[in-house]
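The values are calculated or read from the model by the stated rules, or taken from the named source; none is laboratory data. The model shown is predicted, which means the values in this text are computed figures rather than measured ones. Glycine also receives a Cβ, built like all others from the backbone with ideal geometry; neighbour counts cover every protein chain displayed. The protein model used for the area step is the full one, side chains on, heavy atoms only, and it has no ligands, DNA or RNA in it. Shrake-Rupley method; radii C 1.70, N 1.55, O 1.52, S 1.80 Å.
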Amino acid sequence: MWPLGHAAVGYLLYSLSARARFGGRPATLPTVALLVGTQAPDLVDKPLAWYAGVLPTGRSLGHSLLVVVPICLAVYWLARRRGRAELGVAFGIGAVSHPLVDSVPALWSGTEVNYLLYPVVPVTEYEEGAPTLADLLAGSLGEPWFLLEFALAGAALLAWHRDGRPGLGTVERVLRRATRST
C-alpha cells in the first residue's frame with residue numbers, strides 16, 4: 001500500500017475510535033501522531049533496506065508486530081506520563097494498522113506475510129535496491145488494491161471534513177507566519 005492509503009486507513013480507524021471512546025472528533029495533535037504512526041514502518045524499513053542495505057527487504061523490521069507493538073506501548077507509556085495519552089493511542093493505531101493493512105493483499109494472493117514476525121521468522125528478499133517510481137507504478141497500476149486506496153482516501157477525506165478538518169488550522173497558521181516573514 002502507498003503512503004496515501006496507509007494515512008487514509010489510519011485516519012478512518014482513528015476517527016471511528018475517537019467517536020466510540022469519547023464521542024468526539026479527533027484533535028489536531030493526535031491526528032498528527034496518527035499520521036506519523038501510519039508512515040513509521042516504511043520510514044524505517046525502506047531506507048534501511050533500499051539504501052543502507054542493512055535490512056533484507058522494505059517490509060521487515062518496521063513491519064514486524066514483534067517490534068511495532070513494543071514501540072507503540074513505549075510511546076503510549078511516555079505520552080501518558082506527560083498527560084497526553086491520546087497521542088500514544090493515535091500513534092499506535094497508525095503504526096499497528098500499517099503492517100496489518102499491508103498483509104491483506106498479500107494474504108489474498110497467497111503471498112507470505114513473514115514480515116509480521118521478523119526477525120523470528122525469516123523474510124524472503126524480493127527487492128534489489130530501491131525501485132524507481134516507474135517500477136512502483138508499473139507494479140501497482142490496474143491492481144484492485146491500488147485503486148481501492150483512492151476510494152479509501154476519498155472516504156478519509158470526507159471523514160476528516162466531517163470531523164472539522166483537524167490540523168488544518170495549524171497548517172494555515174504556520175503558512176501565514178511563513179508568508180509574513182518573507
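Looking only at residues in the range 33-85 that are farther than 26 Å from GLY167 by Cβ, of a type outside the set (Gly, Ala, Ser) and touching a residue at least 60 places away in the same chain (Cβ under 8 Å), which one is surrounded by the fewest Cβ atoms within 10 Å (Cβ to Cβ)?
Per the stated criteria, the residue is TYR51.
Starting from the range 165-177, keep only residues that are under 16 Å from LEU35 (Cα atoms), then list their pairs with residues that are open to solvent by 100 Å² or more (accessible area, probe 1.4 Å) whose Cβ atoms are within a distance under 8 Å, requiring at least 6 positions of separation or different chains.
So the pair list comes out as PRO166/ARG25.
Taking LEU141, is it within 20 Å of the chain's Cα centre (by Cα) and open to solvent by 80 Å² or more (accessible area, probe 1.4 Å)?
No; evaluated as a whole, the condition is false for this residue.
When you go through (1) surrounded by 12 or more Cβ atoms within 10 Å (Cβ to Cβ); (2) assigned to a helix (DSSP H, G or I); (3) without any contact (Cβ under 8 Å) to a residue 12 or more places away in the chain one by one for LEU107, which number turns out not to apply?
Of everything listed in (1) surrounded by 12 or more Cβ atoms within 10 Å (Cβ to Cβ); (2) assigned to a helix (DSSP H, G or I); (3) without any contact (Cβ under 8 Å) to a residue 12 or more places away in the chain, LEU107 misses just condition (1).
Could you list all residues from the range 145-182 that are in a loop (DSSP other than H, G, I, E, B) and open to solvent by 80 Å² or more (accessible area, probe 1.4 Å)?
Of everything in the range 145-182, those that are in a loop (DSSP other than H, G, I, E, B) and open to solvent by 80 Å² or more (accessible area, probe 1.4 Å) turn out to be ARG165, SER181, THR182.
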